[in-house]
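J.: Below: one structure in structure tokens.
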Amino acid sequence: MTAPRILVFDSGLGGLSVLRELRIARPDAELCYLADTAGFPYGGLTEGQVIDRVINAMDAATARFAPDIAVIACNTASTLVLPHLRAAFDIAFVGTVPAIKPAANATTNRMISVLATPGTVKRDYTRALIDTYSFHIDVTLVGATRLAELAEAVLRGHPVDEAAIASEIAPAFVELGRRRTDAVVLGCTHYPLIREYLERLAPWPVTWIDPAPAIARRAVSLLPPADPVVTAGVGRAWFTGEERDGATGLGAVLKRFGVATRDVLPLEDARRGRLAQP
Ligand code: DGL
């Protein structure tokens, strides 16, 4: 029995919040992390741009890594590209979409907020989740323009702009008469990585809904069972762009998530390489 190879994809470092849950759920797996840093942030891209970038990235990644399964650890991409990916590639894809159903179950005040990128809050997919699971409660959609970038900065050890984080999350906290928001969906995979800041800077305590553990369970359920004698799996990362800051701090971040090596995978080169193969 060989360990499964799982591809985890995001525009940046946010998908590490899903990778760490995959590591817990399937300790033997070989985890290949691909971040489209040359296209980051996806939150402000047009739908066409996101679709093109993700298809190109998956083309490169499936050719290079031959994964058993791919996890799109990005809400901004998953709410758009999953049907395209499933039509174009033979492997199974697991997506990450705003956890509106668990938030609707968690709220007692019938008031939830969805904190996500501007792209994710605009999607028909997100509207459909709201219509299906939270039509009976008040839902505030917050398109945070800078929060993913602020989370990247925190992770990379840059100075933290706490006032900016506070103002990005403030619109998610709503008071309606004697009721107020009591559950907030972390609708971007970057946000769970700065959860301690979110908790501290929130105007009042709420239940934060992070879908990563459920996504990891779903992905693992699609794989053959693990060998009873588990050997620890490796983690490796690729970035589509060069690190602007010379990767200061990045190696340490990746190590914290059990990712031992990193490399650059320019999408165009990878595609040429694939075409060159017999
Ligand atoms: N981590 C991504 C998400 O879950 C988005 C970050 C970005 O590229 O804007 O939506």
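The values are calculated or read from the model by the stated rules, or taken from the named source; none is laboratory data. Only a predicted model underlies this, so the values are computations on that prediction, with no experimental measurement involved. Because the Cβ atoms are built from the backbone with ideal geometry, glycine has one as well, and the counts that use them run over all protein chains shown. These area figures cover heavy atoms from the full protein model, side chains too; ligands, DNA and RNA do not enter into them. Shrake-Rupley method; radii C 1.70, N 1.55, O 1.52, S 1.80 Å.
J.: Using amide H atoms built 1.01 Å from N in the peptide plane, name the residues 5+ places from A237, or on other chains, whose amide H lies under 5 Å from its own.
T.: Answer set, sorted by chain and number: Y33, T261, R262, D263.
J.: Return one number: the angle in degrees, 0 to 90 and rounded to the nearest 10, between the long axis of the Cα atoms of helix 75-88 and the longest principal axis of the Cα atoms of the chain.
T.: 40 degrees
J.: Additional query: Under the Karplus relation 6.51 cos²θ - 1.76 cosθ + 1.60, θ = phi - 60°, what is the ordered set of whole-Hz ³J(HN,Hα) values for segment 105-118, x standing for Gly and Pro?
T.: 6, 7, 6, 9, 8, 6, 9, 10, 10, 10, 9, 7, 7, x
J.: Given F135, P41, F9, which one lies farthest toward the positive end of the charge dipole of the chain, if we put +1 on the Cβ of every Lys and Arg and -1 on the Cβ of every Asp and Glu?
T.: F135
J.: List the trypsin sites (Lys or Arg not before Pro) in segment 101-139 that DSSP assigns to loop (not H, G, I, E or B) and whose Cβ has at most 16 other Cβ atoms within 10 Å. Which are they?
T.: For trypsin sites (Lys or Arg not before Pro) across segment 101-139 that sit outside H, G, I, E and B with at most 16 neighbouring Cβ atoms in 10 Å, the list reads R110.
J.: Something else about it: What is the Rg over Rh value, at two decimals, for the chain, using alpha-carbon atoms and the Kirkwood definition of Rh? It would help to have the intermediate numbers written out before the result.
T.: On the way: Rg = 18.5 Å, Rh = 19.2 Å.
That ratio is 0.97, to two decimals.
J.: Cα convex hull of segment 71-210: mean projected area in nm², to one decimal?
T.: On the way: hull surface 35.4 nm².
Taking a quarter of the hull surface, the average projection is 8.9 nm².
J.: I would also like to ask the following. Where does helix 212-221 land angle-wise versus the long Cα axis of the chain, in degrees 0 to 90, nearest 10?
T.: Tilt of helix 212-221: around 40 degrees.
J.: May I pose another question? Can you check what the Kirkwood hydrodynamic radius comes to for segment 27-134, Cα pairs only, in Å to one decimal? Write out the running numbers ahead of the final one.
T.: Details: mean 1/r = 0.0660 Å⁻¹.
Final number for the Kirkwood radius of segment 27-134 is 15.1 Å.
J.: Find, among the trypsin sites (Lys or Arg not before Pro) in segment 134-220, those assigned to loop by DSSP (not H, G, I, E, B) with at most 14 other beta-carbon atoms within 10 angstrom. List each step's numbers first, then the result.
T.: Values: sites: R146, R156, R178, R179, R180, R195, R200, R217, R218; in loops: R146, R156, R178.
Listed in order of number, the matching sites are R178.
J.: Quick check: pseudo-label points 7 Å beyond the Cα along Cα→Cβ at T231 and A128, how many nm apart are they?
T.: Those two pseudo-labels are separated by 4.3 nm.
J.: On to the next question. How far is the Cα center of segment 48-76 from the Cα center of segment 185-259, in Å?
T.: Segment 48-76 and segment 185-259 have Cα centres spaced 17 Å from each other.
J.: Also: Based on C-alpha coordinates, I'd like the Rg and Dmax of segment 201-258, in Å.
T.: Calculated on Cα positions, Rg and Dmax stand at 17.3, 47 Å.
J.: Mind pulling the angle between the C-alpha long axis of helix 124-133 and the longest principal axis of the chain? Nearest 10 degrees, somewhere in 0 to 90.
T.: Here the helix axis deviates by roughly 60 degrees.
J.: Here's a follow-up. On average, how much accessible surface per residue is there in segment 56-173, in Å², for a 1.4 Å probe, leaving out ligands, DNA and RNA? Present the calculation step by step, with values, prior to reporting the outcome.
T.: Values: 4690 Å² over 118 residues.
On a per-residue basis, 40 Å².
J.: Okay, next question. Can you grab the distance from the C-alpha centre of segment 19-43 to the C-alpha centre of segment 82-117, Å, no decimals?
T.: Between the Cα centres of segment 19-43 and segment 82-117 lies a distance of 17 Å.
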